[in-house]
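> One structure coming up, written as structure tokens, with questions to follow.
The values are calculated or read from the model by the stated rules, or taken from the named source; none is laboratory data. Not measured: the values here are computed from a predicted model. Ideal geometry is used to build each Cβ from the backbone, glycine not excepted, and the neighbour counts take in all protein chains shown. In case anyone asks, the SASA skips ligands and DNA or RNA and just uses the protein heavy atoms, side chains included. Shrake-Rupley method; radii C 1.70, N 1.55, O 1.52, S 1.80 Å.
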Amino acid sequence: MTITITAFERSPDGGKGLSRDVRVRWALEEVGQPYEVRLVSFRAMKEPAHLALHPFGQIPTYEEGGLALFESGAIVLHLAERHPGLLPDDADARARAITWMFAALNTVEPPILELVTVKILEADKPWAAERLPLVVGRIRARLDQLSARLGDADWLDGAFSAGDLMMVSVLLRSKPSGILDAYPNLAAYAARGTARPAYQRAFEAQLAVNTRPLA
Ligand SMILES: N[C@@H](CCC(=O)N[C@@H](CS)C(=O)NCC(=O)O)C(=O)O
């Protein structure tokens, strides 16, 4: 059955790989599933056809036969559960890997997203300069804890898993701010993730889309 995902027609990051279709592409590459991509404009994302797939009018979405999913975490989990390669066989190790997926999305990603909000969406507000150090402090608090837990391990819990895929994807969003560089073990962890051939294929595919000339 053909798998189709959606991605930005032109990502606001110009192809740096920060949009959330990349984590889905990466998971698809890790499990060796071919996929097609339907590109959508910001306008099309808010129109009924796309809203039927994604109630919040965003990307990515995932379609496979009669199944339609949204939320990058749910899509990656679906792929990891259906195909070998992203979750351990042992039930407890599997549950821990899924825990790391949730930790990435619910605990680490929110303060990182706040930084984008304060720097871009709220940049013109009179209180933006005061808020910025608070947000940076919240990111650092999380990265301090994550760095301590990772220590000198390659991955968060044994072999590479969907938990690492999601955590690396989230950490990459903090890279442009330079904050990640203050944590050598986390920077090396992210670099290990992005060095994986599956990530490279996913990255190159989105880059081609985001750097192609528009008609
Ligand atoms: N929690 C969602 C967030 C989806 C999301 O924010 N997508 C962004 C692209 S990375 C988007 O579509 N932004 C356009 C918009 O919200 O209008 C997920 O993980 O899939």
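> Which of the residues that make up the stretch 107-133 are touching a helix residue (DSSP H, G or I) at 6+ places or on another chain (Cβ under 6 Å) and of a type in the set (D, E, K, R)?
Matches in the stretch 107-133: E109, E114, E122, R131.
> Report whether or not A159 is open to solvent by 30 Å² or more (accessible area, probe 1.4 Å), closer than 21 Å to I98 by Cα and at pLDDT 95 or above. Talk me through it step by step, then tell me what you get.
Details: open to solvent by 30 Å² or more (accessible area, probe 1.4 Å): yes; closer than 21 Å to I98 by Cα: yes; at pLDDT 95 or above: yes.
Yes; evaluated as a whole, the condition is true for this residue.
> Residues in the stretch 142-154 that are surrounded by fewer than 11 Cβ atoms within 10 Å (Cβ to Cβ) and free of Cβ contacts under 8 Å to residues at least 12 places away in the same chain: how many? It would help to see each step written out before you state the result.
The first filter runs over the stretch 142-154 and keeps only residues surrounded by fewer than 11 Cβ atoms within 10 Å (Cβ to Cβ), leaving 148, 151-152.
Going one step further and asking which of them are free of Cβ contacts under 8 Å to residues at least 12 places away in the same chain, we end up with 148.
Of the residues in the stretch 142-154, 1 are surrounded by fewer than 11 Cβ atoms within 10 Å (Cβ to Cβ) and free of Cβ contacts under 8 Å to residues at least 12 places away in the same chain.
> Identify all residues within the stretch 41-63 that are more than 9 Å from the ligand (Cβ to nearest atom) and exposed (fewer than 12 other Cβ atoms within 10 Å of the Cβ); write none if there are none. Don't jump to the end; show me each part of the working.
Pass one, the stretch 41-63, residues more than 9 Å from the ligand (Cβ to nearest atom): 41, 43-44, 47-53, 55, 62-63.
Correct list: R43, P48, A49, A52, P55.
> Let me ask you something else. Starting from the stretch 86-113, keep only residues that are free of Cβ contacts under 8 Å to residues at least 12 places away in the same chain, then list their pairs with residues that are outside any helix (DSSP H, G or I) whose Cβ atoms are within a distance under 7 Å, requiring at least 6 positions of separation or different chains.
Final answer for the pair search is R94/L87; R94/P88.
> Still on this structure, please answer the following. Note down all Cβ pairs under 8 Å where the first residue falls in the stretch 189-215 and is open to solvent by 70 Å² or more (accessible area, probe 1.4 Å), the second is at pLDDT 95 or above and among the hydroxyl-bearing types (S, T, Y), and they're at least six residues apart or on different chains.
Q200/T194
> Only one of R25, R38, R20 is open to solvent by 60 Å² or more (accessible area, probe 1.4 Å), basic (K, R) and more than 10 Å from the ligand (Cβ to nearest atom). Can you tell me which?
Within the list R25, R38, R20, the selection yields R38.
> Can I ask one more? Take the residues in the stretch 64-81 that are more than 19 Å from the chain's Cα centre (by Cα) and touching a residue at least 40 places away in the same chain (Cβ under 8 Å); name whichever of them is most open to solvent (accessible area, probe 1.4 Å).
Per the criteria, the residue is G65.
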